[in-house]
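Before I ask anything, let me first share the structure, which is written out below as structure tokens.
The values are calculated or read from the model by the stated rules, or taken from the named source; none is laboratory data. On a predicted model such as this, the values are computed, not experimentally measured, just so you know. Cβ placement follows ideal geometry from the backbone for every residue including glycine, while neighbour counts extend to all protein chains displayed.
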Amino acid sequence: MRIRYSTEKNGKPVKKAIVYTQDEHGINFSNVDTEAVHIVERLRFHGYETYIVGGAVRDLILGKKPKDFDIVSEAEPAQIKKLFYNARIIGHRFRLVHVCFGSKKFEVSTFRSLKDGLTSNTFGTIEEDVLRRDFSINALFYDPLTQVVVDYVRGMADIQNKRIRPLIPLSRIFIDDPVRMIRAVKYGTTTGFKLTFTLRWMIKKQASLLREVSPSRLTEEIFKIIHSSQAAEIVERLESLGLYAYLQPSASALLKGKKDFWKRYFQSLEALNRQNFKGLQGETLAGLIRDYLEEQNIPWNGDIENYKNTFITARQFIQPMNPPRTELDMALRLIFKEHGIVIKKSRLIDKAKPSLKEEAAPSKPLPKGTAPSKAKPKKRRRRIRKGKDPT
């Protein structure tokens, strides 16, 4: 174990971070994505301090193979983009870079400053950036080139003590971003770590802040939960802390009132994980709404009006989630197919178009003995350019 120091204005050295070697942190390098290493290596070669950061480092220390690798660097977005032909800058208020290798996408961000507070978007140093992270276990920096972990916030100690500890003051952490409440529960469940008493108390107190979160962000979080390995346990803990009522109010109400629905609902979530879906929203949505539709005694037939009404019922059930219409349509067609009814994809979105006969028919009946007029098509006038012979 080594210590990283910085120097104060008076020249006195100050302890800033603990640096853990490979023998101490125990990360298996074979679990580190090779493209992520390439990104770090290229940025380092051009003189930019760069690390793998966040949940990927936490999972690596716990012996897991991360699904996603986030990278942080002192390089600014435009500088990052210049080094990778397969990169694009995203975001307006908070600019990031996505570097793509085939279907894999790596998010590369720039160190953020504390100059204008915890929500500022000015670029800063690694010492400032670490204090903007939500929880200590997500604030560790991993250098895959030297295979060391840099710890500014005692995150390694919290991992060893199996504790979820916020870095941002409790008075601000959820006001700045209410989704952090969902993430705290998710981290606690997937790692087996405990949320501190004050953290649980604040989550229950400020759960209603989730009302202000956009449907798109809630949708994103729900799909992350469903595709995790412990979806049922996460939902159960969210429900116990009063959070699930803001993610899926209709499901939450049924979970409170019907024990048989609770059992089937969690069995459906567990089945989704066993089948290892590859992010297909339609199949995931089918798992979410199947048991609810069974509760509604839907008449399973091919009548298009019945199908449209079922679509509306399903849409109301999953609100405030707002997935693409085509994905919910796919989910419903899968469920109808399970009941032996095949619904064509176009049937939901087809508009009532008049037939060719209806288009040809006059709008008003003509008096007897009156033949419909046959209007001659207008001749197109030939435009003659000035100064040119029309012939």
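Taking Asp158 and the conditions (1) crowded, with 19+ Cβ neighbours inside 10 Å; (2) charged (D, E, K, R); (3) under 21 Å from the mean Cα position of the chain (by Cα), which numbered condition does it fall short on, given that it satisfies the others?
Asp158 satisfies every listed condition except (3).
Just the residues that are among the β-branched types (Val, Ile, Thr), part of a loop (DSSP other than H, G, I, E, B) and touching a strand residue (DSSP E or B) at 6+ places or on another chain (Cβ under 8 Å), please, taken from segment 183-215.
Correct list: Thr196 only.
Tally the residues that are of a type in the set (Lys, Arg) and part of a helix (DSSP H, G or I), restricting the search to segment 120-155.
Qualifying residue count for the region: 1.
Can you tell me which of (1) hydrophobic (A, V, I, L, M, F, W, C); (2) within 21 Å of Phe193 (Cβ to Cβ); (3) touching a Ser or Thr at 6+ places or on another chain (Cβ under 8 Å) is the one Val57 doesn't meet?
The one condition Val57 does not meet is (3).
So which of Val19, Val14 ends up being modelled with pLDDT of 95 or more and either surrounded by 15 or more Cβ atoms within 10 Å (Cβ to Cβ) or among the hydrophobic types (A, V, I, L, M, F, W, C) (or both)?
Step by step, each of Val19, Val14 is checked, and only Val19 is modelled with pLDDT of 95 or more and either surrounded by 15 or more Cβ atoms within 10 Å (Cβ to Cβ) or among the hydrophobic types (A, V, I, L, M, F, W, C) (or both).
Please enumerate the residues belonging to segment 185-231 that are among the hydroxyl-bearing types (Ser, Thr, Tyr) and modelled with pLDDT of 90 or more.
Tyr187, Thr189, Thr190, Thr191, Thr198, Ser208, Ser214
Let me ask you something else. Assess whether Leu218 counts as being farther than 23 Å from Lys256 by Cα and either in contact with a Pro (Cβ under 7 Å, 6 or more places away or on another chain) or assigned to a loop (DSSP other than H, G, I, E, B) (or both).
no
Only residues that are loosely packed, with under 15 Cβ neighbours inside 10 Å and not in a loop (DSSP other than H, G, I, E, B): list them for segment 101-118, please.
Scanning segment 101-118 gives Lys104, Lys105.
Right, something else. Please specify each residue of segment 197-253 satisfying the condition of being under 26 Å from Pro324 (Cβ atoms) and of a type in the set (Val, Ile, Thr).
Passing the criteria: Val213, Thr219, Ile222, Ile225, Ile226, Ile234, Val235.
Conditions tested, residue by residue: (1) of a type in the set (Gly, Ala, Ser); (2) under 21 Å from Glu221 (Cα atoms); (3) more than 25 Å from the chain's Cα centre (by Cα).
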| residue | (1), (2), (3) |
| --- | --- |
| Asn309 | no, no, yes |
| Thr313 | no, no, no |
| Met330 | no, yes, no |
| Phe336 | no, no, yes |
| Lys344 | no, no, yes |
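Related question: What's the number of the only condition in (1) modelled with pLDDT of 90 or more; (2) not in a loop (DSSP other than H, G, I, E, B) that Gly242 fails to meet?
Every condition holds for Gly242 apart from (2).
Also, I was wondering about something else. Which one of His98, His38 is outside any helix (DSSP H, G or I) and surrounded by 15 or more Cβ atoms within 10 Å (Cβ to Cβ)?
It is His98.
Restricting the search to segment 156-182, which residues are part of a helix (DSSP H, G or I), within 12 Å of Asn138 (Cβ to Cβ) and at pLDDT below 95?
Passing the criteria: none in range.
Quick one: would you say Ile27 is touching a residue at least 40 places away in the same chain (Cβ under 8 Å), part of a loop (DSSP other than H, G, I, E, B) and crowded, with 20+ Cβ neighbours inside 10 Å?
Taking the combined requirement at face value, the residue satisfies it.
Go through (1) under 27 Å from Glu24 (Cβ atoms); (2) free of Cβ contacts under 8 Å to residues at least 40 places away in the same chain; (3) among the small types (Gly, Ala, Ser) and name the single condition Ser171 misses.
Of everything listed in (1) under 27 Å from Glu24 (Cβ atoms); (2) free of Cβ contacts under 8 Å to residues at least 40 places away in the same chain; (3) among the small types (Gly, Ala, Ser), Ser171 misses just condition (1).
Can you name the residue in segment 172-228 that is polar (S, T, N, Q) and more than 16 Å from the chain's Cα centre (by Cα) and, of all such residues, is surrounded by the most Cβ atoms within 10 Å (Cβ to Cβ)?
Thr189
Restricting attention to segment 57-95, which residues are over 24 Å from Ser228 (Cβ atoms), assigned to a loop (DSSP other than H, G, I, E, B) and either out of contact with any strand residue (DSSP E or B) (no Cβ under 9 Å at 6 or more places or on another chain) or touching a residue at least 60 places away in the same chain (Cβ under 8 Å) (or both)?
Selection gives Tyr85, Gly91, His92, Arg93.
Also, I was wondering about something else. What's the number of the condition Gly282 fails, among (1) over 30 Å from Ser252 (Cβ atoms); (2) modelled with pLDDT of 55 or more; (3) not aromatic (Phe, Trp, Tyr)?
Of the numbered conditions (1) over 30 Å from Ser252 (Cβ atoms); (2) modelled with pLDDT of 55 or more; (3) not aromatic (Phe, Trp, Tyr), the odd one out for Gly282 is (1).
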